[in-house]
Amino acid sequence: MINIISSKASSPNTLLQEVPRRENEDNLRWLSRQPRPGEDQTSIVLVGGTSMTSFRLRVAQSHVRHDLVPSYWSHVMLLGQPARTFATTPVYEISLEPPQGFTFPPPTNGVQQGRISQYRDPELYPNIALLNTPVALAQVTEALDAFQRQRAVLDGVELIVRWLTYVWGVARAGNPLLDGYGIPSAAMLEIAFGVAGYDLTPGLESRSSCPEAIWQAAKWWHEFYVQQNRSALSCVYHVGHTL
Amino acid sequence: MDLVLYPRVAPQDCLRVWLGVFAATAAPALDWRLNGQSVVPTSLRQVASVRPDAMLPPGVASAEVPRAFTGVYEFPGLQPDTLYTITVQAGNQSATLETRTLPSAVPTELDRWLNVLLVSCFHQAEDRKGLAGIIVSQLQSVAKPHLTVLAGDQVYLDLPTLKDFPDDVAWLAEKFEKDYTLNWRGPLGYTEVLAAAPSLSIPDDHEYWNNFPHPSPFIGNSLTPAGRDRWRQAAQAMYAGFQLPYPAQLGEPVRFEIAPLSFFVADTRSTKDPDRRFTMSDDAHQRMEQWVSDTIANKQFGVFISGQSLFTPAIGTIAGAVGDYELPNYDDYGRLLLCLQQLADAGRPALCLTGDVHWGRVVTSTDIRTGRTAFTEIISSPVSLVTTIGQDQINEIGAFLGDLFGPSNPWPRHSDPEDPPAFLASEALQGRFPCATQHRQKGNQVVLLRFRQHGSGIEVRITYWPITRHATVAKPSEIGPITLVGA
């Protein structure tokens, strides 16, 4: 059992809004029409995919939910400084399906820099959410730079290997979340935001961070942030696929 | 004459140093330098003989008795987390100490930590080769401690167990001074541990005698009130000379902060009531209550340090009288725990650090009202296991026979860590805080705690460093990270 604590909030965060996808609208256009983050804010993108890897990840996170149903979300990433064209805006992540392969991940502690355009296809990624956090992007990217040099703090490479063995069904590999190993990209963001003084998953006392825990923070932990004199996460989302 | 300097825990804007002048017959005149500049520090304890005149051998002039003189001096107006060089000159002797002021806050950076060394129970006779000092000095290359908590039994004044000590305060004071000198002056002894970082001491029973203030069947001097009083006087004079965290007075708790950590160091030994009504004075309890209030108001994380474990049941009257009564054997245990419970009520998780028991253990207790970890207790004991006549020999024979039929036992004299109670202080706190053991550590050890701010909380990594050359158990054990999340 994963030690995740339920929020005491009796109602969901009012800053969480469903924004349905328009007809034939891809994820880039959906994201483009959402409010831009403020100067002292940083955006996180959650996606829920339909690939086999995404399916395995979504099912694995059912243990973080009290109803044990699969999560909407398979992956989470940091949205970088907006580029001239939105499609080329950088994302920082540790994907288990990097488009160019893993090459040799240790020098960056597994961190990959890609483009948001990788997540354009609504068939591959029918679920999407944009979260705004009250932390300046420069603070988070500075922490992310340090993270890449500090495998001793959290070994992103180890997380990649553990999760690939689970996702690919290698030998008798079990669900790493049950052993306290977070999904790599979420664990990376947990560390980076933690350095910036922000709790991305207040319901967890361990490093077993995952996209579902971040989603629950956005939906249910708004009162906690207020108690901490911080702004709650704001979030817009669309869910087009459930398991 | 021989000079020794050790750093002491102090507020971030100053340094405190303990000065030992050994084999002297009078307090020397001192010249101090800070980073090469002549200074006059504040005297918290003016250098003086650890043995007052009344404890010197009768009929001998004090100027004819070579002995230890100690003092504690404070250098104010400094910068936090900064390296300073202090030099003291006395006659043609000098000593130099390089030490840092404490940092003002727990680091937030990924590659920075606040390192706290937790040690207890050092018996020099079982570490004559100075292995503890060697390992602690080598820790500097891994993670240099910022401060050291000496959690009790830094000396064993009541050993050797089977020797009858004269019921004479002067004789006792001289014997105790030799015990301290062996550890503080060296060679070897506890010197590397004392030099590793600014330290803060609390006494446990062996700074007095086993099971102080109660009579011990193994210590003849403790069997009469007058004998106990003479021993206590001599032991307290030595504690004041070598360990007392000035400007605190004997028995007073000490508070200090490294934001957002707030430390409360409780002397639960010196003012123990012989009738077991209390383990701390009413004044100490009130200071603790104020500390809890301040910790909650300032949204800090409490670190409660005591010479004995809070996570233990009371022991029976006979076992207590023969061995050592536990904190729950005193009537104020409930008051102490109800006070700490307020931290949990306010959603402020706390750490409890201690030693004493001759094994290591990490226990967490969850608040069933919130599902959060409310308390984490870390036990570090011993650095060097005390000799126990009889029991050691039985254990060693058992280990020898066991080795004939199975793998070698690297710790034949050490006992296994015990289970915590099912619930923390179940009488006072009912069943609110179920306990779970996270780690057990057998054998000689020191613990390095590393703290880093993470989000609005604190991340703690706990490393047990075995004090041994035995290859099978010499590897350190890391526990955590444990994350303290405030509500």
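Below is a table of values for the structure above.
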quantity: Enumeration of residues in the stretch A:210-234 that are over 19 Å from B:Thr370 (Cβ atoms) and within 11 Å of chain B (Cβ to nearest Cβ); calculated: A:Asn229, A:Arg230
quantity: Any hit, the stretch B:184-191, residues being touching a Gly at 6+ places or on another chain (Cβ under 7 Å) and not in a loop (DSSP other than H, G, I, E, B); calculated: yes
quantity: Residues of the stretch B:13-48 that turn out to be in contact (Cβ under 8 Å) with a residue 60 or more places away in the chain, touching a Phe, Trp or Tyr at 6+ places or on another chain (Cβ under 9 Å) and closer than 13 Å to B:Met1 by Cβ, as a count; calculated: 6
quantity: Condition broken by B:Asn210, with the remaining ones in (1) at pLDDT below 95; (2) open to solvent by less than 10 Å² (accessible area, probe 1.4 Å); (3) under 19 Å from the mean Cα position of the chain (by Cα) satisfied; calculated: (2)
quantity: Identity of the residue in the stretch B:11-23, within 16 Å of B:Gly186 (Cα to Cα) and either of a type in the set (A, V, I, L, M) or not in a strand (DSSP E or B) (or both), that ends up most open to solvent (accessible area, probe 1.4 Å); calculated: B:Ala23
quantity: Test result for B:Arg255, surrounded by fewer than 22 Cβ atoms within 10 Å (Cβ to Cβ) and over 16 Å from the mean Cα position of the chain (by Cα); calculated: no
quantity: Selected residue (criterion: nearest to the other protein chains (Cβ to nearest Cβ)) from residues of the stretch B:428-487 that are hydroxyl-bearing (Ser, Thr, Tyr) and open to solvent by less than 30 Å² (accessible area, probe 1.4 Å); calculated: B:Thr483
quantity: Pair list, Cβ < 8 Å and 6+ apart or interchain, from the stretch A:13-30 residues that are within 15 Å of A:Tyr237 (Cβ to Cβ) to residues that are part of a loop (DSSP other than H, G, I, E, B) and small (Gly, Ala, Ser); calculated: A:Asn13/A:Ala232; A:Leu15/A:Ala232; A:Arg21/A:Gly240
quantity: Selection within the stretch B:235-252 - surrounded by 21 or more Cβ atoms within 10 Å (Cβ to Cβ) and either more than 20 Å from the chain's Cα centre (by Cα) or not small (Gly, Ala, Ser) (or both); calculated: B:Met238, B:Tyr239, B:Phe242, B:Gln243, B:Leu244, B:Pro245
quantity: Answer residue from the stretch B:296-317, given it is open to solvent by 10 Å² or more (accessible area, probe 1.4 Å) and assigned to a loop (DSSP other than H, G, I, E, B) and is farthest from B:Pro417 (Cα to Cα) among those; calculated: B:Asn298
quantity: Single residue of B:Leu188, B:Leu194 found to be touching a helix residue (DSSP H, G or I) at 6+ places or on another chain (Cβ under 7 Å) and either of a type in the set (Asp, Glu) or over 22 Å from B:Tyr464 (Cβ atoms) (or both); calculated: B:Leu188
quantity: Any strands (runs of 3 or more DSSP E) falling wholly within the stretch B:33-150 and containing at least 2 residues that are open to solvent by 10 Å² or more (accessible area, probe 1.4 Å) and either closer than 28 Å to B:Pro187 by Cα or within 14 Å of another protein chain (Cβ to nearest Cβ) (or both); calculated: B:42-49, B:67-75, B:83-90, B:93-100
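To keep it simple, each residue is scored yes or no on (1) aromatic (Phe, Trp, Tyr); (2) in contact with a strand residue (DSSP E or B) (Cβ under 8 Å, 6 or more places away or on another chain); (3) within 12 Å of chain B (Cβ to nearest Cβ).
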residue: A:Ala129; (1), (2), (3): no, yes, no
residue: A:Leu144; (1), (2), (3): no, yes, yes
residue: A:Phe147; (1), (2), (3): yes, no, yes
residue: A:Val157; (1), (2), (3): no, no, no
residue: A:Trp163; (1), (2), (3): yes, no, no
residue: A:Trp168; (1), (2), (3): yes, no, no
residue: A:Ala192; (1), (2), (3): no, yes, yes
residue: A:Val195; (1), (2), (3): no, yes, yes
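The values are calculated or read from the model by the stated rules, or taken from the named source; none is laboratory data. Predicted model only: the values in this text are computed from it and were never measured. Reconstructed Cβ throughout: ideal geometry from the backbone, glycine too, with neighbour counts over all protein chains shown. Accessible surface is based on the protein model in full, side chains and every heavy atom, while ligands, DNA and RNA are left aside. Shrake-Rupley method; radii C 1.70, N 1.55, O 1.52, S 1.80 Å.
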